[in-house]
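> Below is a structure I'd like to ask you about.
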């Protein structure tokens, strides 16, 4: 029995998913990074470097393959990798400067 089905819808669906994945990554990524302040104490605050606009824990895993590719293709955007916030540590204490 001949198969009259076309592979075009499957290929189009895979292509659409790939475009959505890359587009979502580009919309959410912040290569230069930003600091998220949390856990404020009397000694200061704990700052966590983030590379995504929100949902960083999930997206850092979900977008890991494309982020590694991005770091190779655009190394200038990732220079420093937030090392200007400290010695490359994930958490850093920020002194409380209030009077």
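The values are calculated or read from the model by the stated rules, or taken from the named source; none is laboratory data. Fair warning: this is a prediction, and the values are worked out from it, not measured in the lab. Here Cβ is always computed from backbone atoms with ideal geometry, including for glycine, and neighbour counts include all displayed protein chains.
> Among the residues of the range 69-93, which ones are more than 15 Å from residue 26 (Cβ to Cβ), in a helix (DSSP H, G or I) and either in contact with a helix residue (DSSP H, G or I) (Cβ under 7 Å, 6 or more places away or on another chain) or modelled with pLDDT of 60 or more (or both)?
Matches in the range 69-93: 72, 75, 76.
> I would also like to ask the following. May I ask you to list pairs of residues, at least six apart or on different chains, whose Cβ atoms are under 8 Å apart, with the first in the range 1-24 being under 20 Å from residue 73 (Cβ atoms) and the second being assigned to a helix (DSSP H, G or I)?
Filtered contacts from the range 1-24: 21/66; 22/66.
> Between a first residue in the range 47-76 that is on the phi > 0 side of the Ramachandran plot and surrounded by fewer than 16 Cβ atoms within 10 Å (Cβ to Cβ) and a second residue that is at pLDDT 80 or above and assigned to a helix (DSSP H, G or I), which pairs have beta carbons less than 9 Å apart while being 6 or more apart in sequence or on different chains?
Pairs found: 55/28; 55/62.
> Among the numbered conditions (1) modelled with pLDDT under 90; (2) in contact with a helix residue (DSSP H, G or I) (Cβ under 9 Å, 6 or more places away or on another chain), tell me where residue 24 comes up short.
(1)
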